[in-house]
Amino acid sequence: MKRSKKAALVLMVPVATLLLAGCGEEREQAMVFTDPSECSAAALNSAAQCEADYVAAQTLHPQVAPKYLNKEECETDFGAGQCETAPQQTTSGGSVFMPMMMGYLAGQMMNRGGSNFQQPAAAGAGAGSNVPTQPLYKSRDDRGTFRTATNKPVAGGIGPITLKPSQVKPQVGQVVRRGGFGQQAATRNSFGG
Amino acid sequence: MKRISVAERANWRAYAEEVGFNFHTFDGEPYWDETAYYQFSLQQIEDDLEAPTEELHQMTMDMVGDITRSEEMLTQLNIPRDFWSYIWNSWNKGEPHLYGRFDLVYDGTGPAKLLELNYDTPTSLFETGFFQWVWLEDQIKNGVLPERADQFNSLHDKIEQAFAQINLPQPFYFTSVRDNIEDRGTVNYLMDMAVQAGVDVRYIALEDIGDLNEQFVDLDNQPIKGLFKLYPWEFMVQEDFARTITAANTQMIEPAWKMLLSNKGILPLLWQRYPDHPNLLPAFFETAASEPLGAGWVRKPLFSREGANVDLITTSGEKISAAGPYADGNYVRQALHALPKYRDEYRNADTYAMLGSWIVGDSAAGICIREDESLITKDTSRFLPHIILD
């Protein structure tokens, strides 16, 4: 026979699409702390890993924190005295403000027994964890809750938590360029052959 | 090889839309056309199409390494110098390829002649691999065609196998131009087969691809480590993200070395390497010194798709041209080998048939037929199914 034994579709028919949409993502263990000493004391990660995660979150902070063109607007959202000047400037040279980092989120590296020390990851999600290390913030009207830069609440206090890593992906919007492909789509309307 | 009129299946349009074949009709004109089919003998398929397709593929692949090392040929093909090393590496690393299609002239007798290669972004894949396959199954079930009728069409099986065998980064992304429903249909079909082969697939519109520190990223800024792109290499290397391509660690399907083969310049290079090969037509690069196009010759841009910007002069001196947006580069000339003419009884008109012959990996994987009222096959040309029956 010169033809396929079967030619079945699983995505292009509506029923199958529903099945796929149900595929779940596992929750993973993570932790929330305000500084690396709390983290070391909790002994969920090594002291070196705690420090590396904290530095990674601090580095990410100015990139991902929400930005405001005046301090009052920032304080309306994050509370009086809770905002700082961002390193960025407007194109006309004006200041930009952002909330202060109130804590950080990191993946949990060690087994519960605490015996499996790992080398510190330089930045980002450490080995064995898919949770992206990142800064956390607190809003003016909900001081108990740690939130990501995209305002997703993750914890009501410090300590271990579980979450789905895809829900806390940091958005480093400022440095991503898009639209670099497809310019010729406007002038030519067929791309296949 | 015969053209045989046949009744359409009663509800094929509704079925087409149900399975995502939304471009079966374009601007009110039929694209999928089952008012007739082509019938081949098994000998025609195996001796005249399948074997020559694999031979042409092998001849073409044998040239890639030489082209990557030849400044002269890279220049003739108009490949940007910034990409020469990238292409050389892509070939020498053995970056895998998925599929391609030869466009052939064949009338049932004598050697099929190669018109051109679509080795970078071939479409009409769903129509071939799925829709014409289902058409045959239906027509056998309906008693219109005999049980022993077959089709040269192992595209679906072979692409699924290829996705299972190629070692792809996961998740693996697929991209096409936003708002182009035909391209999206092709990509959806490829994703469907990839899922069946166990690949973790994601779609991203071409315009949404991001560049984060010289790494391609998706809308969540996650790195795109593997990408099927239904967008021509020759455009990508000219656009704003061209520099990211060489810096990024993204495995592309089709790989960069396919840039050398999706280019009409491969036609004169093949003719130089294999002069008088029975499946090749004489072809040359057009230069400033070339004579005006003569009777019995065709002129094609190096980069063009769907017949755009092709001019030809028939042996009787009639000039036929297809308009298009590709009139901005260099050209090749190819000896005219006219498409065979058939009678379309349904429309009471003459029609010309071109044959597409698919390659998956390195093996021939089936054929598709496109019909047009002119000698130049275009994106609007109708797609007709075929059978094998002795």
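If you go through the range B:12-44 one residue at a time, how many are under 29 Å from residue B:390 (Cα atoms) and loosely packed, with under 15 Cβ neighbours inside 10 Å?
Number satisfying all stated conditions: 2.
In the range B:248-270, how many are farther than 27 Å from residue B:179 by Cβ and touching a strand residue (DSSP E or B) at 6+ places or on another chain (Cβ under 8 Å)?
The qualifying residues number 8.
Being within 14 Å of another protein chain (Cβ to nearest Cβ), part of a loop (DSSP other than H, G, I, E, B), crowded, with 20+ Cβ neighbours inside 10 Å and without any contact (Cβ under 8 Å) to a residue 24 or more places away in the chain is the requirement here; does residue B:309 meet it?
yes
Being closer than 26 Å to residue A:150 by Cβ, under 22 Å from the mean Cα position of the chain (by Cα) and among the polar types (S, T, N, Q) narrows it down to one residue among B:175, B:244, B:186; which is it?
Of the residues listed, the single one that is closer than 26 Å to residue A:150 by Cβ, under 22 Å from the mean Cα position of the chain (by Cα) and among the polar types (S, T, N, Q) is B:175.
Check off (1) over 24 Å from residue B:321 (Cα atoms); (2) surrounded by fewer than 20 Cβ atoms within 10 Å (Cβ to Cβ) for residue B:237 and give me the number that stays unchecked.
Answer for residue B:237: the failing condition is (2).
Among the numbered criteria (1) outside any helix (DSSP H, G or I); (2) touching a strand residue (DSSP E or B) at 6+ places or on another chain (Cβ under 8 Å), which single criterion is violated by residue B:275?
(2)
Does residue A:157 meet the test of being out of contact with any helix residue (DSSP H, G or I) (no Cβ under 8 Å at 6 or more places or on another chain), in a loop (DSSP other than H, G, I, E, B), of a type outside the set (A, V, I, L, M) and at pLDDT 90 or above?
yes
Which ones in the range B:31-45 are farther than 30 Å from residue B:185 by Cα and part of a helix (DSSP H, G or I)?
Hits for the range B:31-45 are B:42, B:43, B:44.
Within the range B:341-355, can you find the residues that are buried (at least 17 other Cβ atoms within 10 Å of the Cβ) and touching a Phe, Trp or Tyr at 6+ places or on another chain (Cβ under 8 Å)?
B:342, B:351, B:352, B:353, B:355
Output the helices (runs of 4 or more DSSP H) that fall wholly within the range B:59-173 and possess 1 or more residues being away from every other protein chain (no Cβ under 14 Å) and under 21 Å from residue B:236 (Cα atoms), or say none.
B:71-76, B:84-92
Per-residue answers, yes or no, for (1) free of Cβ contacts under 8 Å to residues at least 60 places away in the same chain; (2) more than 7 Å from every other protein chain (Cβ to nearest Cβ):
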position: B:195; (1), (2): yes, no
position: B:232; (1), (2): no, no
position: B:237; (1), (2): no, yes
position: B:270; (1), (2): no, yes
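Take residue B:207 and tell me if it is within 7 Å of chain A (Cβ to nearest Cβ), surrounded by fewer than 19 Cβ atoms within 10 Å (Cβ to Cβ) and part of a helix (DSSP H, G or I).
Yes: the conditions hold for residue B:207.
Looking at B:101, B:81 in this structure, which one is among the charged types (D, E, K, R), touching a residue at least 40 places away in the same chain (Cβ under 8 Å) and either surrounded by 23 or more Cβ atoms within 10 Å (Cβ to Cβ) or closer than 14 Å to residue B:260 by Cα (or both)?
B:101
Go through the range B:44-66 residue by residue and tally those that are farther than 17 Å from residue B:363 by Cα and touching a residue at least 24 places away in the same chain (Cβ under 8 Å).
4
Collect the residues in the range B:312-336 that are in a loop (DSSP other than H, G, I, E, B) and either in contact with a strand residue (DSSP E or B) (Cβ under 6 Å, 6 or more places away or on another chain) or within 14 Å of chain A (Cβ to nearest Cβ) (or both), keeping them in residue-number order.
B:322, B:323, B:324, B:325, B:326, B:327, B:328, B:329, B:336 - these are the residues of the range B:312-336 that are in a loop (DSSP other than H, G, I, E, B) and either in contact with a strand residue (DSSP E or B) (Cβ under 6 Å, 6 or more places away or on another chain) or within 14 Å of chain A (Cβ to nearest Cβ) (or both).
The values are calculated or read from the model by the stated rules, or taken from the named source; none is laboratory data. Values in this document were obtained by computation on a predicted structure and should not be read as measured data. Neighbour counts are summed over all protein chains in view; Cβ atoms, including those assigned to glycine, are modelled from backbone coordinates with ideal geometry.
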